[in-house]
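Q: Quick one: this structure, given as structure tokens, is what I'll be asking you about.
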Ligand code: BMA
């Protein structure tokens, strides 16, 4: 392997070999979707969700829209990363500051582990969407911190280690509604309260990523740079179509893009990606990566309704990005 994952070995992540007839750099789990829309009694849909390794098992924070179509975050656990037990009641964040304790809504979580703490970031309603942050050690108790940014912002994704001595995050400034624009920016913070050193990372461009883009799973550290899967949106005559592609960012200056896929990696093609509450959406929010073998499992929301998994292998993926890159 020329390109390697820098990180822990996770031999028990979900995996399925690439089908013999597949020529793509990424392939879907044959039993997708892994989480149905009605996995818990109150859910209308369970999608755009984040999973992490936890004590030889897996834990996660799940986006569950309820039957009033309010957007909530729920904890979940799994032994194999494929069969999930999702808590029936939403997470009740402990907010040390009562001005933050009025939970308006939460969606599109990401979870990253730094040292011994898990950090949840999500799109948090605070007079408009912004980036909420909470910490947990056990996926039972969650302590909410200050919002990272002013509204309006979405797709806040923390890096799994400090960079230049600071916490680091990608995000996508936006507006109140179904934003028709959006670039990915990078920000740093010494203390998770004050964020600054904002740098532009990537703008939308051409075709599948022409309307807006947003970071997906927590970046994966590799010998070729930070491997970032990100969604890109095309405006069709029938509305938005969500795809995803990938980029490599400089390890110490992650606002510098080293490579970026010109074609998408995945577009909505399967029935469960094309038909649902919002048709034609694939939206990745998490990835598990095994440094020993280079295996990567990507979790993505399908049609804003259910959750699917796809697989790739780090060396092949990075070669694909480098060979199909346009900056
Ligand atoms: C975005 C977010 C995502 C959603 C997508 C497609 O703006 O709301 O949660 O998956 O739209 O509806």
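Read the figures in this text as sums done on the coordinates, not as results from a lab. Keep in mind the model is a prediction, meaning the values are calculated, not measured. For neighbour counting, all protein chains shown are included, and Cβ atoms are generated from backbone atoms with ideal geometry for every residue, glycine included.
Q: Where does each of 1, 202, 71 land when they are ranked from fewest to most other beta-carbon atoms within 10 angstrom?
A: The order, fewest Cβ neighbours first, is 1, 71, 202.
Q: On to the next question. Report, in cubic angstrom per residue, the convex hull volume of the C-alpha atoms of the chain. Please report the intermediate quantities before stating the final value.
A: Working: hull volume 40.1 nm³, N = 327.
Looking at the chain, the number lands at 123 Å³ per residue.
Q: Shifting gears a bit: At 7 Å along Cα-to-Cβ for each site, give me the label-to-label distance between residue 205 and residue 270 in nm.
A: Simple spin-label model gives 3.1 nm for this pair.
Q: Out of 57, 188, 313, any idea which swings most in a Gaussian network model of the chain, alpha carbons joined below 10 Å?
A: Fluctuation is largest for 57.
Q: Once you put a point 7 Å from the Cα of residue 253 and another 7 Å from the Cα of residue 92, both along the Cβ direction, what distance in nm separates them?
A: Once both label points are built, they end up 4.9 nm from each other.
Q: With N set to the residue count of the stretch 239-327, report its C-alpha Rg divided by 2.2 N^0.38 Å to two decimal places.
A: Normalised Cα radius of gyration, the stretch 239-327: 1.17.
Q: Considering Cα pairs under 8 angstrom that are at least six residues apart, work out the relative contact order of the chain and quote it in whole percent.
A: Result for the chain is 19 percent.
Q: Can you give the relative contact order of the stretch 145-196 as a percent, counting alpha carbon pairs under 8 Å and 6+ residues apart?
A: Answer for the stretch 145-196 is 36 percent.
Q: Next question. Which of 69, 172 comes first, and how do the rest follow, when ranked by fewest Cβ neighbours within 10 Å?
A: Listed from fewest to most nearby Cβ atoms, that is 69, 172.
Q: Measuring from centroid to centroid over Cα atoms, what is the spacing of the stretch 257-289 and the stretch 1-64 in Å?
A: If you average the Cα positions of each part, the centres end up 13 Å apart.
Q: Considering only C-alpha atoms, what is the centroid distance from the stretch 196-246 to the stretch 120-183, in Å?
A: Here the two parts' Cα centres lie 16 Å apart.
Q: What translational diffusion coefficient, to the nearest whole µm²/s, does the stretch 68-213 have by Stokes-Einstein, given a Kirkwood radius computed over alpha-carbon pairs, a temperature of 20 °C and 1.002 mPa s viscosity? Spell out each step's value before the answer.
A: On the way: Rh = 16.2 Å.
Answer, rounded: 133 µm²/s.
Q: Below 8 Å between Cα atoms, with a sequence gap of 6+, how large is the relative contact order for the stretch 201-327 in percent?
A: Relative CO of the stretch 201-327 lands at 20 percent.
Q: Points 7 angstrom from Cα along the Cβ direction at residue 4 and residue 27: gap in nanometres?
A: It is 2.6 nm.
Q: In addition: Any chance you could run the full-extension gain for residue 16 through residue 262? It's 0.36 nm times the residue separation minus the Cα-Cα distance, nm to one decimal.
A: Full extension from residue 16 to residue 262 adds 85.9 nm.
Q: Mean-square fluctuation check for the chain, GNM, Cα pairs under 10 Å: which of 316, 85, 55 is largest?
A: 55
Q: If neighbour count is taken as other Cβ atoms inside 10 Å, put 200, 243 in order from fewest to most.
A: 200, 243
Q: I need the peptides 318-324, 60-66 ranked by packing, meaning the mean over residues of other C-beta atoms within 10 angstrom, with the highest value on top. All intermediate terms of the calculation are to be shown ahead of the outcome.
A: Values: 318-324: 18.0, 60-66: 25.0.
With the highest mean Cβ count within 10 Å placed first, the list reads 60-66, 318-324.
Q: With springs only between Cα atoms under 10 Å apart, run a GNM on the chain and tell me which of 162, 197, 113 wobbles the most.
A: 197
Q: To the nearest 500 deg cm²/dmol, what mean residue ellipticity at 222 nm is calculated for the chain from DSSP H runs of n ≥ 4 alone, each contributing -39,500 (n - 2.57), summed and divided by the residues?
A: Helix-only estimate at 222 nm: -1000 deg cm²/dmol.
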